[in-house]
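A quick write-up on the structure given underneath.
Bear in mind these aren't lab numbers, they're just calculated from the coordinates by the rules spelled out. Model, not experiment: these values are computed from the prediction.
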Amino acid sequence: MQTKKMFRTACVGTGIAVFGLVAAAAQPATFAATRQAPDNTATNKSQSPTADNQKENPADRELAKKIRQAITSDKSLSTSAHNVKIIVQDGMVTLKGPVQSEDEKKTIEARATEIAGAGKVQNELTVKS
């Protein structure tokens with residue numbers, strides 16, 4: 001008798017699980033129809049350098065490496081600050097990405113300027129709100 005109850009409970013539980021899977025499978029189709037795809041086309045058309053434009057010459061790679069090391073070695077900076085994009089083209093540095101505060105933005109720019117030289121750093125960092 002006990003085995004019969006357990007079998008019946010397992011069957012009922014499986015039926016509910018199967019129904020739940022069918023309902024869940026149907027849901028994304030309706031959700032996807034109402035959801036808009038992310039579009040950052042306007043952002044990507046900017047004239048400023050992007051990471052895929054970075055040249056692979058040894059001098060630019062070495063400069064980017066030194067700036068990255070200076071930023072990541074500063075433990076007072078947030079994880080966001082440690083992960084900013086550093087794009088170097090012919091000795092010119094572009095900094096992009098979100099940081100936690102205006103102080104972090106200034107600190108990162110100062111570190112990059114210290115390594116690359118005055119007038120060679122374009123700061124496009126944004127402060128998260």
> Can you list the HN-Hα couplings for the range 89-105, worked out from phi with the Karplus curve (6.51, -1.76, 1.60; θ = phi - 60°), rounded to whole Hz and with x for Gly and Pro?
Replying inline: 9, 6, x, 8, 10, 10, 9, 9, x, x, 10, 7, 8, 5, 4, 4, 4
> Which residues' amide hydrogens lie under 5 Å from the amide hydrogen of VAL99, considering only partners 5 or more residues apart or on another chain, with H built in the peptide plane?
Replying inline: THR126, VAL127, LYS128
> Can you work out D for the range 49-127 in µm² s⁻¹ from Stokes-Einstein, where Rh is the Kirkwood radius over C-alpha pairs, the temperature is 37 °C and the viscosity is 0.692 mPa s?
Replying inline: 269 µm²/s
